[in-house]
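Structure first, commentary second.
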Amino acid sequence: MAEVKGKKHKFKNSRCEENDAVWIAQEKFFPVYFLKKAGQLVLSLLVLSVLVFFISRLAPGEPLRAFYGDAVERMGPEQLAAARDRLGLDENLFVQYWNWLTGALTGDFGISFQYKQDVLSVVGKVSFNTLILTLVSFMLIFVLGLLLAVFCVMREDKAADRIIRRLGVAANSVPEFLAALLLMFIFSVSLGLLPSSGAYSIGQSGNIADRALHLVLPVAAIVFSHLWYCAYLMRNKLSDEIRKEYVLLCRVKGLSEREILFKHCLKNIMPAIVSIMAVFLPHLLGGTYIVEMVFSYPGLGTLGFESAQYHDYNMLMVIALITGFFVITANMLAQAVNEKLDPRMRYGERISVKAGGEGSE
Amino acid sequence: MNSQRCRIKRAKENERRIPYAAVLFLAVLTAGCLLAELIMPYDPTYMNLAAVSEAPSSSHLLGTDTLGRDIFSIIWYGGRISLFVALVATLISTIIAIVYGSIAGFSPRHLDEMLMRFSEILMSIPSILLVIFLQAILGEASVLSIAVVIGITGWMPVAKMVRSEVKQIRSSDYILAAQTMGGGFFYVLRRHLTPNFLSAIMFMVVTSIGSAIATEATLSFLGIGLPTNIISWGSLMSLSQGAILSGAWWLLLIPGTVLVTTIICITEIGEYLRTSGRRERLL
């Protein structure tokens, strides 16, 4: 639903009287479409940056502590003032934001108070780790969720489906950190099979096998606690789909259940699945960040948590913006993919405007 | 065909059945937490240094934690805080969601569009990051501050639902009548709107109690929630990462089981509300 709604305002200005010509025009002027999307993205990120900036600056903590450590306590008032001046913390909030923004536009996101380096270089080092972790979990959840959904629908309301549903609800109720701890306890403390922390053993950062080994537990924890969220939504969609009339027609034609399910139903709910996965992304990222912290996996989550504790403002901003960027882009991508997959989506907008007058959902 | 219809009917009834087991569990849990003083064999705050990290035994039913506190007592006593935090957080988020959603539902199209966009932007950052930021602002966590933080980061999905419900009923005649007779926004909201969409959002509200419990536990576990001297399930679990490395499994499994069972029961009830609040299928 979220996606469908987000899409609306692309055609906010189109009147219902305008017909297919609008669509043809839209198709022709791909750059216009693209620019609109890009504008939306930039605007969203701008709002996000304002939000995060002011939220983090309202914090009462001492950012100088992150920079100077305990030395802060030994500094006199003049030294403190000089330090504030040097880090640009003495000006009023709006000026500070303006400075940040103009810097950011030229690619300078400031320095991390904690690491005393350019924020981007610190983030760059760990973002790859998070990317791998998220991507692997995302793919696994997508594939497993789809399989699980199909399996459940084929046996709807039989014992297997009911048991899976129960187990799914149970697994979904386990908070990420608990799942991570349980797995850590079983596989690394008790059985000693897998490493319990980090992204690679010391000095092995280039060793792919070693990295893969370190990925197993975090990925398992994420998949365990999030799989049902997706599988459940997909299952419900699919279960609604097989109740539609064309399924009966397919049956009459003599197609097997399997053929109908895979060739027709699954194809028809693809747009819905794309939307589900897009809505799911922020949940997944949140879960990833928590799991990272439990496994002390060097990624954006661990970094974000540290920087919130030490009031490392610039770092917080960049992490929030990166996360927001990915989520918003993913949502837009999902819309675009959906429009390609199902051209009705675009007409749907016009129809709803016509019928509801208000473009109500 | 007939047998299939029977099966569908049975499945429907199955879905609609009141989850007695879940209700019973929650009732026992709530009663136990409220009457904790009568049940607890030990003072939950007392740190018995002679009995640190003891496995479950007859003297300590569920063992002791790394500080020598009796886990059985903590479960009841700490449950009080955990449930309180979850309820307050849900109350806050629901109020924000109802007000925000109704304002958006009533506003002209562009304002509505803007408000919804804003809530979507908020939703685009994982709530755990928002919670961490806000908790950092409020400084040292207290029971109330953590409830507020969880509450003000979790209202967006419900607000969305409220908005679409309000949009559907706002042009009804009785609302127009109330407005013409001089009923203000909040009057209409209280008397006419809320009773109408309450059943539609109820399941989300109930489910969010469960996720608030989970969030509190997560925050306390990470060390930015309640400190260990304020006893809750989460603060008890914050000791568990160190404990499992030394093999004290009960410190992880026992509070974990209670936590997960509670959340499952809440989800079951939410699911029941969702299916029973839904309109009968027309086909």
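The values are calculated or read from the model by the stated rules, or taken from the named source; none is laboratory data. Remember, predicted model here, so these are calculated numbers, not experimental data. With ideal geometry, Cβ positions are generated from the backbone for all residues, glycine too; neighbour counts draw on all protein chains shown. To get the accessible areas, we keep the full protein, side chains included, count just its heavy atoms, and leave off ligands, DNA and RNA. Shrake-Rupley method; radii C 1.70, N 1.55, O 1.52, S 1.80 Å.
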- Message: If you consider only alpha-carbon coordinates, what radius of gyration and Dmax does the range A:117-218 have, in Å?
- Response: 17.7, 59
- Can you pick out the pairs among A:237/A:267; A:340/B:160; A:158/A:267; A:244/B:167; A:237/B:167 whose Cα atoms lie more than 19 Å from each other? A:340/B:160; A:158/A:267; A:244/B:167; A:237/B:167
- Message: Suppose every Lys and Arg Cβ carries +1 and every Asp and Glu Cβ carries -1, with no other charges. What dipole size does the range B:125-283 come out with about its Cα centre, to the nearest 20 debye?
- Response: 620 debye
- Message: Skipping prolines and chain starts, which residues have an amide H placed within reach, meaning under 5 Å, of the one on residue A:297, given they are 5 or more residues away or on another chain?
- Response: A:198
- Protection proxy ranking of B:78-90, A:230-242 - average other beta-carbon atoms within 10 Å, highest first: B:78-90, A:230-242
- Item | Peptide A:165-178 - average C-beta neighbours from other chains (10 Å radius) | 6
- B versus A: buried accessible surface, summed, Å² (probe 1.4 Å, to nearest 100): 4800 Å²
- Note on the structure: Quick shape check on the range A:142-278: root eigenvalues a ≥ b ≥ c of the Cα gyration tensor, a/c under 1.5 is rounded, otherwise prolate if a/b tops b/c, else oblate, and it reads prolate
- Note on the structure: Checked against the positive end of the charge dipole of the range B:67-282 (+1 on Cβ of Lys and Arg, -1 on Cβ of Asp and Glu, about the Cα centre), the farthest of B:185, B:134, B:89 is B:185
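Mind checking B:233-241 for the average number of partner chain beta-carbons within 10 Å of each residue's beta-carbon?
Mean shielding by partner chains, rounded to a whole number: 2.
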- Message: With angles folded into 0 to 90 degrees, how steeply does helix B:127-138 sit against the dominant principal axis of chain B? Use alpha carbons for both and round to 10.
- Response: 70 degrees
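Going by average Cβ density within 10 Å per residue, which order do the peptides A:213-222, A:44-53 take, highest to lowest?
A:213-222, A:44-53
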- Message: Heavy atoms only, 1.4 Å probe, whole protein assembly: order B:65, A:118, A:342 by accessible area, highest first.
- Response: A:118, A:342, B:65
- Task: Determine the shielding of peptide B:161-167 by partner chains: average, over its residues, the number of Cβ atoms on other chains within 10 angstrom of each Cβ.
- Result: 2
- Item | Given charges at beta-carbon only (K, R positive; D, E negative), |dipole| of chain B in Debye | 1520 debye
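If R₀ is 45 angstrom, what is the calculated FRET efficiency for the pair residue A:54 and residue B:67, using the beta carbon separation as r and rounding to 0.05?
0.70
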- Task: Counting other Cβ atoms within 10 Å, keep those with at most 12, restrict to DSSP loop, and tell me which GluC sites (Glu not before Pro) in the range B:55-159 are left.
- Result: B:140
- the range B:184-220 scanned against label point 7 Å out from residue B:276 along Cα→C-beta; backbone N under 20 Å for B:195-210
- Computed over the range A:143-289: relative contact order in percent, which uses C-alpha pairs under 8 Å that are six or more apart: 29 percent
- Task: Could you check how much of the accessible area of chain B is carbon and sulfur, as a whole percent, using a 1.4 Å probe?
- Result: 66 percent
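At 0.36 nm per residue, and after removing the present C-alpha to C-alpha distance, how many nm does the segment from residue A:248 to residue A:212 gain when stretched out fully?
Taking residue A:248 through residue A:212 to full extension adds about 8.3 nm, to one decimal.
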